[in-house]
Amino acid sequence: MNEKAIRRSAQRKRCLLFSLAGVLSGVVNGLLGTGGGILTVFFLSKIYALEKIYSTKDVFAITLCSSLIMSAASLVFYLSEGFFDLSQGAPYMLAAIFGGAFGAFLLDRLNSKTMKVIFALLVVWAGISMVIKL
């Protein structure tokens, strides 16, 4: 195989990995209303670890953007099926906008290690709370 064919094969594999990660993250986000971002961080960390071109902060920023898209798609579906009343969720959604902006502000100010610890603690806490409520 020549170098061009090898590069094209690697790009196809990468595209397939991204597609699979996106579908799995979207399904989990749509099904559970959460968790898609956790999977996105996991998948992107693994995919980009091989390339060493994106930092942890880049992975979190990309995840934020993809989570917005996944959540918007889920919201449209939930609204169209009558599963969600926008008036009940509006106060939370407005507060979440400000919280999201503050989080994005902090993204540039925290180091990667601190962000990983915060993320891990939140995932563990969420998992434990869900198991306890069973």
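Readers should treat all values here as calculations from the given coordinates under stated rules, not as data from a laboratory. All values reported here derive from a predicted model rather than from experimental measurement. Don't worry about glycine lacking a Cβ; one is built from the backbone with ideal geometry, like all the others, and counts go over all protein chains shown.
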Quiz item: How do 40, 114, 63 rank when sorted from fewest to most other Cβ atoms within 10 Å of their own Cβ?
Solution: 114, 63, 40
Self-check item: Residue order, fewest to most beta carbons within 10 Å, for 130, 115
Solution: 130, 115
Exercise. Determine how many Å³ per residue the convex hull of the Cα atoms of the chain encloses.
Key: 141
Quiz item: Placing +1 at every Lys and Arg Cβ and -1 at every Asp and Glu Cβ, with all other atoms neutral, what dipole size does the chain have around its Cα centre, in debye to the nearest 20?
Solution: 720
Quiz item: List the lysines whose alpha-carbon lies under 18 Å from that of residue 52, not counting same-chain residues fewer than 8 positions away?
Solution: 13, 113, 116
Quiz item: Roughly how tilted is helix 36-51, in degrees to the nearest 10 and between 0 and 90, from the longest Cα axis of the chain?
Solution: 20
Exercise. Would you mind ranking 109, 8 so that the residue whose beta carbon has the fewest other beta carbons within 10 Å leads the list?
Key: 109, 8
